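K.L.:
One structure, pasted below without further comment.
Just so you know, all these numbers are worked out from the coordinates, no wet-lab data involved. Please read these numbers as outputs of a predicted model, since none were measured by experiment. Note that we place each Cβ from the backbone using ideal geometry, even for glycine, and neighbour counts take in every protein chain shown.
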Amino acid sequence: MLAEFGEFLEKIIASTWNMLNSSSPWIIFSFLVAGLLHEFLKPEKIQKTAIGSGKISGVFWTTISGMFIPICSCGTIPLGISMYYSGAYLGPTLAFMTSTPMINPIALLLAYGLLGKEIATIYLITGFVAPMVIGMIANKFAGNELHIGLRNKEIKQTQLETDEDKEEDSVSTEPLIQLEFEEPGFWDKIKSGMRWSFTELSVTICKYTVSGMLIAGLIFNVVPQSFIQDYLGQPGFVSLFGITVIAALMYVCAVGHIPFIAALVASGAAPGVAITFLMAGAGTNIPELLTISKMIGKRAMILYFTMVVIISNVVGYLTNRLLMPGFTPVLDYNQTQHTISYANKMIISFPDWAQHISSVILICYAIYALYKYIKGKTTNKAAV
């Protein structure tokens with residue numbers, strides 16, 4: 001019994017490690033970019049743009065920019081959170097965090113070659129419309145999460161790690177940014193941004209990202225991949241809602257899972273499966289939902305997840321209505337091989353050693369966050 005439990009635990013750790021390796025270099029890269037954004041895009045500047053307001057144009061530009069960045073959903077977390085804490089409204093933030101992992105030029109090219117022009121066209125349209133809808137609804141129905149000034153006015157420039165027991169509904173008249181009389185130099189700004197990103201943001205992000213991947217690794221082993229393949233491969237039995245739930249619980253990369261989806265469609269799954277799985281799987285996952293809930297707000301997380309589920313189901317249903325019956329999977333071997341070859345040239349891959357080092361760094365940050373949490377609880381009990 002103990003040996004079986006140890007083997008099961010080993011499988012969970014292995015699955016989590018594999019997921020970390022696939023995303024950790026991009027997360028580290030995102031920390032670098034997030035530090036620069038935080039330092040150079042000041043709230044007073046962002047608030048003068050469409051991104052720092054409830055205008056549709058702000059949602060539009062973050063959606064478009066996200067569609068051209070080939071980063072997975074975990075990699076977008078530092079960028080999205082940095083945008084939000086720098087003064088961007090919730091709508092543009094969620095639009096960016098939706099469009100970036102959901103679609104990019106490489107994924108679109110693979111979809112065209114492996115899934116066909118009909119599904120690829122629907123995928124392209126959905127990759128633009130879904131983030132736009134999510135962003136506009138977020139701006140319309142968000143409460144205190146609409147922007148950082150409403151959510152928590154006690155948050156200062158470099159203060160992301162707050163007391164979770166007092167996190168909600170705290171109000172202060174203190175400004176978000178403490179302005180200095182002398183403008184720091186270019187390199188001073190870079191140092192300040194990196195210090196904030198790799199001492200404040202990284203600790204908080206990794207706490208939720210690593211724990212979320214542990215949960216995903218547990219689910220991955222409780223629900224075997226073979227069962228998922230069999231379930232999705234039976235179009236008469238599969239419900240689009242069931243696909244949405246499975247995809248949301250899995251760690252899905254749009255580029256990495258398109259061949260998997262193409263194989264399912266070729267084996268008889270309905271074409272709506274491809275769109276629904278790509279949208280729900282690439283658009284959200286457990287680490288991202290945990291981070292949004294803790295660092296922006298539970299209402300924002302529920303709003304985001306609900307809209308992804310609804311839109312992915314609606315688009316999947318409409319795809320089946322448009323293309324079935326009579327849909328024929330792509331079987332042109334020459335075209336498929338040419339597309340894959342061209343897409344592989346565009347994919348940025350990291351060597352194994354870089355993936356392992358990046359994963360170790362994220363785990364160390366998560367352990368440090370756990371240490372701070374335990375130390376804080378112990379100190380509070382001692383004070384009482």
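K.L.:
Full-extension gain between Phe141 and Leu2, please, as 0.36 nm times their residue separation minus the C-alpha to C-alpha distance.
P.N.:
45.0 nm
K.L.:
Give me the percent relative contact order of segment 14-99, please, defined on Cα pairs under 8 angstrom at least 6 residues apart.
P.N.:
Relative contact order comes out at 39 percent.
K.L.:
Something else: Under the 0.36 nm per residue contour assumption, what length would be gained going from the current alpha-carbon distance of Phe327 and His356 to full extension?
P.N.:
6.2 nm
K.L.:
With a 10 Å Cβ neighbour count serving as the proxy for reagent exposure, in which order, fewest first, do Thr121, Thr62, Thr98 appear?
P.N.:
Ascending number of Cβ neighbours within 10 Å: Thr121, Thr62, Thr98.
K.L.:
Also, I was wondering about something else. Hey, fewest Cβ within 10 Å first, where do His356, His38 land in order?
P.N.:
Lowest to highest Cβ neighbour count: His356, His38.
K.L.:
Next up: List every residue whose amide H lies under 5 Å from the amide H of Tyr89, counting only residues 5 or more places away in sequence or on a different chain, with H placed 1.01 Å from N in the peptide plane.
P.N.:
Gly52, Ser53
K.L.:
Next up: Can you give the extra length, in nm with one decimal, that the chain gains between Ile374 and Phe68 once fully stretched, where that is 0.36 nm per residue apart less the Cα-Cα distance?
P.N.:
Full extension from Ile374 to Phe68 adds 106.1 nm.
K.L.:
Provide Arg195, Arg321, Arg299 in ascending order of the number of other Cβ atoms located within 10 Å of each residue's Cβ, fewest first.
P.N.:
With the fewest neighbours first, Arg195, Arg321, Arg299 line up as Arg321, Arg195, Arg299.
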